[in-house]
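The values are calculated or read from the model by the stated rules, or taken from the named source; none is laboratory data. Bear in mind the structure is a predicted one, so any value in this text is a computation, not a measurement. Reconstructed Cβ throughout: ideal geometry from the backbone, glycine too, with neighbour counts over all protein chains shown. Calculation scope for accessible area: heavy atoms of the full protein, side chains included, ligands and nucleic acids excluded. Shrake-Rupley method; radii C 1.70, N 1.55, O 1.52, S 1.80 Å.
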Amino acid sequence: MSETADRVKKIVVEHLGVEADKVTEDASFIDDLGADSLDIVELVMAFEEEFGVEIPDDAAEKITTVKDAISYIDEHKG
Amino acid sequence: MFDLSGMTALVTGASGGIGSSIAQALAGQGARLALSGSNADKLEAFRASLGGDHVALPCDLSDAASVDALVPRAVEALGGRLDILVNNAGVTRDNLAMRMKDDEWDQVIRVNLEAAFRLVRAAAKPMMKARFGRVVSITSVVGTTGNPGQANYAASKAGLVGMSKALAQELASRNITVNCVAPGFIRSAMTDVLPDAQKNALLTRIPAGDLGRGEDIGAAVVYLASREAGYVTGQTLHVNGGMAMI
């Protein structure tokens, strides 16, 4: 597992208060992890802070699974 | 009760009549303030008169970029946290609707409503992180009752109420409350110069028999900003001596 994936999963576990083993790469934030739209906004803010990337609104809207987040961050982090 | 020690607040229109009363009330309960206003000299004089460790952040609320920069400036000046946002700044450009110019409409909506939205949007970020926030917008009795010559102003003030209700629902789960205070007629430099006949006519409409004072508004804001008011959100607290009971 990549370092990005570890850190993303840690943030998701902390913010959504879910069990770590539920946070698989295919897990959907809303459908599988019980997030609401405000949780997603918060997660995106947390990712931006953790990785020093900027995730614009149109990109954020496409991030629906854990894998989406990891891929976006890996592609855009400095 | 209503102790604001250790809390920080951004107050717009802070050197104005009602704004200065709000600032004094919040500071009196122990909050540390970022005071914003359009007139830098007046603002600085007010900041100095308040004493304490408050900061003055002049800002033109009709300029979107300046407004967007205000919350980050306040957060930085206040040591990284913003607990309370008071949208108090407001302007009037009164005219009968049929005579109202586009810029009279635009200016009032931009300063009274759009700037408030921009500030809440920016403030929601640090408040969400902190899992605590209090937003209080100063609306007006005329936002509910209407007033001839103030189509723009009444629309902007009613707009604040609707906006606050939507935001209250969005942010309630993060322990952020969003409320309004709606003053009636408050004693100010503007009401002091009214002719006696007009003042008396005004008073017949107010069961309390007197104009309100800035302190009456300050106290209402302190309540809604306090930890104790955490279960009150999406509400408008009318402070008007009974002139309108809504």
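Cβ-Cβ contacts under 6 Å between residues 6 or more apart (or on different chains), taken from a first residue in region B:174-192 that is more than 17 Å from B:SER15 (Cα to Cα) to a second residue that is basic (Lys, Arg) and open to solvent by 20 Å² or more (accessible area, probe 1.4 Å), are listed as B:ARG174/B:ARG131; B:ASN175/B:ARG131.
Does any residue of region B:106-115 turn out to be away from chain A (no Cβ under 14 Å), under 18 Å from the mean Cα position of the chain (by Cα) and farther than 24 Å from B:LYS157 by Cα? No, region B:106-115 contains no residue that is away from chain A (no Cβ under 14 Å), under 18 Å from the mean Cα position of the chain (by Cα) and farther than 24 Å from B:LYS157 by Cα.
Screening B:GLN235 on (1) buried (at least 19 other Cβ atoms within 10 Å of the Cβ); (2) under 21 Å from B:PHE132 (Cβ atoms); (3) in contact with a strand residue (DSSP E or B) (Cβ under 8 Å, 6 or more places away or on another chain) shows it passes everything except condition (1).
Checking each residue in region B:186-196 for being open to solvent by 70 Å² or more (accessible area, probe 1.4 Å), modelled with pLDDT of 85 or more and under 17 Å from B:ILE18 (Cβ atoms) picks out only B:ARG187. Exactly one residue out of A:GLU50, A:GLU75 is touching a helix residue (DSSP H, G or I) at 6+ places or on another chain (Cβ under 7 Å), of a type in the set (Asp, Glu) and either closer than 22 Å to B:ARG131 by Cβ or part of a helix (DSSP H, G or I) (or both), and it is A:GLU50. Only residues that are more than 14 Å from chain A (Cβ to nearest Cβ), in a helix (DSSP H, G or I) and either within 16 Å of the chain's Cα centre (by Cα) or closer than 18 Å to B:ALA229 by Cβ (or both) were counted across region B:145-177, and they come to 13. Of everything listed in (1) among the β-branched types (Val, Ile, Thr); (2) open to solvent by 20 Å² or more (accessible area, probe 1.4 Å); (3) under 28 Å from B:GLN169 (Cβ atoms), the single unmet condition for A:THR24 is (3).
Quick check on region A:10-21. Is at least one of its residues touching a Ser or Thr at 6+ places or on another chain (Cβ under 9 Å) and open to solvent by less than 70 Å² (accessible area, probe 1.4 Å)? Among the residues of region A:10-21, not one is touching a Ser or Thr at 6+ places or on another chain (Cβ under 9 Å) and open to solvent by less than 70 Å² (accessible area, probe 1.4 Å), which makes the answer no. Every test in (1) open to solvent by less than 30 Å² (accessible area, probe 1.4 Å); (2) within 17 Å of B:GLY214 (Cβ to Cβ) is passed by B:SER49 save one, and that test is (1).
Does B:ILE138 count as within 14 Å of chain A (Cβ to nearest Cβ) and surrounded by 22 or more Cβ atoms within 10 Å (Cβ to Cβ)? So B:ILE138 fails the test. Sub-6 Å Cβ pairs linking a first residue in region B:62-81 that is free of Cβ contacts under 8 Å to residues at least 12 places away in the same chain to a second residue that is surrounded by fewer than 18 Cβ atoms within 10 Å (Cβ to Cβ), at least 6 apart or interchain, are B:SER66/B:ASP60, ordered by first then second residue. Evaluating A:THR4 against the criteria (1) modelled with pLDDT under 95; (2) under 24 Å from B:ARG174 (Cα atoms); (3) open to solvent by less than 30 Å² (accessible area, probe 1.4 Å) leaves one unmet condition, (2). I'd like to check something: does region B:117-131 contain any residue that is in a loop (DSSP other than H, G, I, E, B) and within 14 Å of chain A (Cβ to nearest Cβ)? Within region B:117-131, one or more residues are in a loop (DSSP other than H, G, I, E, B) and within 14 Å of chain A (Cβ to nearest Cβ).
Would you call B:ALA182 more than 14 Å from chain A (Cβ to nearest Cβ) and either farther than 22 Å from A:LEU38 by Cβ or surrounded by fewer than 20 Cβ atoms within 10 Å (Cβ to Cβ) (or both)? Yes; evaluated as a whole, the condition is true for this residue.
Within region B:92-116, restricting attention to residues that are outside any helix (DSSP H, G or I) and of a type in the set (D, E, K, R), which residue is farthest from B:GLY37 (Cα to Cα)? Among them, the one singled out is B:LYS101.
Remark: B:LYS199 matches the filter, which requires a residue to be part of a helix (DSSP H, G or I), over 20 Å from the mean Cα position of the chain (by Cα) and surrounded by fewer than 21 Cβ atoms within 10 Å (Cβ to Cβ).
Note on region A:42-72: among residues that are among the charged types (D, E, K, R) and within 14 Å of chain B (Cβ to nearest Cβ), the one that is surrounded by the most Cβ atoms within 10 Å (Cβ to Cβ) is A:GLU42.
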